[in-house]
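What follows is calculated from the coordinates using simple rules that are stated; it is not laboratory data. This is a predicted model, so every value here is computed, not measured. Heads up, the Cβs are rebuilt from the backbone with ideal geometry, glycines too, and the neighbour counts pull from every protein chain shown.
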Amino acid sequence: RLLHSIAADAQLATDIAIATSLLNIHGKIGSLAAAKAIFHSMEIKSVIAWTAMMAACVHHRENREALVFFRRMLLEHSIANTITFVTVLGACGNCREGASVHEWMIESGVSASSVFASTAIVTMYGRCGSVGHAKEVFDSIVEKNFISWNAMVAAFAQNRHCAHALAMVRSMDLEGLHPDRVTWLSVLGSVAEIDIRDGRWIHSRILGSGIELDFALGTALLNMYARNHSLEEALEIFDGVEEEERDLPLWGTMIAGYADDFQLRPAMALLRRMQHCGVLPSKVVIVAMINLCAAVSDLRQGEIFRALFVESCGIDRENSAVVANALVDMYGKCGELSLARKLFREIPEKDSVSWNSILVVGNALISAFGKCSSPGNAREIFDAMIERNKVSWTAIIAAYAHSHYGAIAKLFFRRMLLQGEEPDRVTFATILSTCTTAAALVEGKRFHALLAERPAMEMDPVVVSALIHMYSKCGSLESASKVFDRGRSFLLQENLLVWTSVISAYAHHGDGERALKLFARMQQAGLRADGVTILSVLSACAKAGMLETGIQFFASIARDHCLEVTLEHYSCLVDLLGRAGELSAAQELVRRIPNARAYVSFLSSCSVQGDVELGRAAAEKVSVLDPSIPAGYVVLSNL
């Protein structure tokens, strides 16, 4: 301002050179408005003045205005030079704008003649996400320099093409150019894509090349190791940084690394070290620690971090919303839904994360109670939810279906439809699983009719499998077979789940020969059996009394199908032997595999054969091995 005032007093401000210099000064260290005023006061605007005005806009992050000045310059028939184009490339915020500037450069002959300009184009395309265009321009540079190579490495790295960035580094080596600090910082910028092996290679190259491991490089390497859960190496770098140089982001990265790895004690120890050094935890650190407490269900420690947040960060709308979202998630995962709801209501401006947090918490609790056969508790959570989505409805339906309350599950399914919530394939598969008797066949067909209105979903492998199971359990093997044939004709490729379902259907109905034929067809179709498919075939042999075939098939599990023989397979073999009247062999087998489920299979065989003495011994064994299984007493009472 002083220089400007002196120039004005001396009537020099109208001189083109002085005015341009003043424009440059205001653009870099002063006011953009003052720079514009000087520019507009100039009677003759040189290319240097135009370029300085654009540079001022870019410096003040007014990129749109820089592009407007560029277009005005072209309209006034001023000829842009290399510096002008490089400046305006820095203002391009998307590929369309950048490509337009690139075209003007080609027309003016600038891009082909200047490695400086071509490198700026590479940088622009990389920044705008068009790595392919960046590589084309890079390849067209005849005499590439160090800056060109670094620009291309950066373009790949900032677009998360880590493998290509590393390939460029190796190409630099072949060209006799040794990567410098800027190169490695660019590569490490794609930290999310760097695996630990490549990360260690980068670290060794930096150390081997004699590059000083300064704060920026150290931070980048620490971040890479933390992201890859290699926390010992991360801590080694962290401890190598002078205490006075450790800033809050560095502390935060290290603590967040432990938090992401669910290591509460080391994270707490590092947090105490940080506070001892007089560094207050940031919002990011506290959120990371609250998330860790949520993951390990440590409510008491989470409450401590809530108090620490208020003490160190203060309460403002932005801070409180972010931390409140994390706290809502923590309270939910710790089973404190009432606290989660209360805090959720207190969030002044709820964002998508807030709503998602309370939904995720509620849905997770419903699913957890459902899996624990506590549908009543799941219902309490469901009724208390402020918002519900498709997952919420499916979870409550599954909770009742899992506990064999099919009628209630169906009521919730109807409520879901009335609420206008569209079921997905998991919802339909769940509700179809509630139709398990001949009496439920009509209702099962109604659900199938609803699916017919959704052709894409009806032909989903999960739904096809659920329909086959439903018709089989309801006694309509013919309908199950039709669903299988229709499903196969629509599916783009053979599906193991669908084949296993139809084999299981024939096994359920005791048609061992048909199940074996389907298994052979499945293999001819190029599908490899899994453990569940094998179990279905063994079950078919057992129910059909095909003892010899079943034993041969059991022997082929490891030999022909390269699968591990599980306890379920042994239990099925016990059932096979028992149903065929080979109780002595079955008894010998269960003695070798003392498993409650195997003894239940043996007990069922004793029931079929009417052997009360062996059955009583088996029931006692079941009660010892797993008292939670009531089947032993039920079967024994029928003997």
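Annotations for the structure displayed:
- Over the chain, DSSP H runs of length four or greater, each weighted -39,500 (n - 2.57), average out per residue to a 222 nm ellipticity of -23000 deg cm²/dmol.
- Taking other residues whose beta carbon is less than 12 angstrom from the beta carbon of ARG300, and scoring Lys, Arg as +1 and Asp, Glu as -1, yields -2.
- Taking the stretch 449-541 and dividing mean pair separation by its residue count, relative contact order in percent (alpha carbons under 8 Å, at least six apart): 26 percent
- With respect to the chain, whose longest principal axis is taken over its alpha-carbon atoms, helix 248-260 is tilted by about 10°.
- Separation between Cα centres of the stretch 406-483 and the stretch 267-286, rounded to whole Å: 54 Å
- Against the chain, whose longest principal axis comes from its Cα atoms, helix 215-227 is set at around 10 degrees.
- If the segment from GLU564 to GLU232 were pulled out straight at 0.36 nm per residue, it would be longer than the present Cα-Cα gap by 115.9 nm.
- Hz values of 3J(HN,Hα) by residue in the stretch 269-280 - Karplus curve (6.51, -1.76, 1.60), Gly and Pro given as x: 4, 5, 4, 5, 4, 4, 5, 4, 7, x, 9, 7
- By average C-beta atoms within 10 angstrom, highest first, the peptides 95-104, 287-296, 40-49: 287-296, 95-104, 40-49
- Calculated FRET value between ALA33 and PHE215, using beta carbons and R₀ = 45 Å, to 0.05: 0.80
- Per principal axis, descending, Cα span of the stretch 351-422 in whole Å: 38, 27, 15
- Taken as Cα centroids, the stretch 65-92 and the stretch 545-568 sit 76 Å apart, rounded to the nearest whole angstrom.
- Sequence-distant contacts, meaning Cα pairs under 8 Å at least 6 residues apart, place the relative contact order of the chain at 4 percent.
- Reported label for calculated P(r) over Cα pairs in 20 Å bins from 0, in percent given [x] 11, 22, 20, 17, 9, 6, 6, 5, 3, 1, 1; [y] 14, 28, 34, 17, 6, 1, 0; [z] 16, 40, 31, 12, 0: [y]
- Helix axis angle, 583-592 relative to the chain longest principal axis, alpha carbon, degrees: 40 degrees
- Contact order for the stretch 463-596, expressed relative to its length and based on alpha carbon pairs under 8 Å spaced 6+ residues apart, stands at 18 percent.
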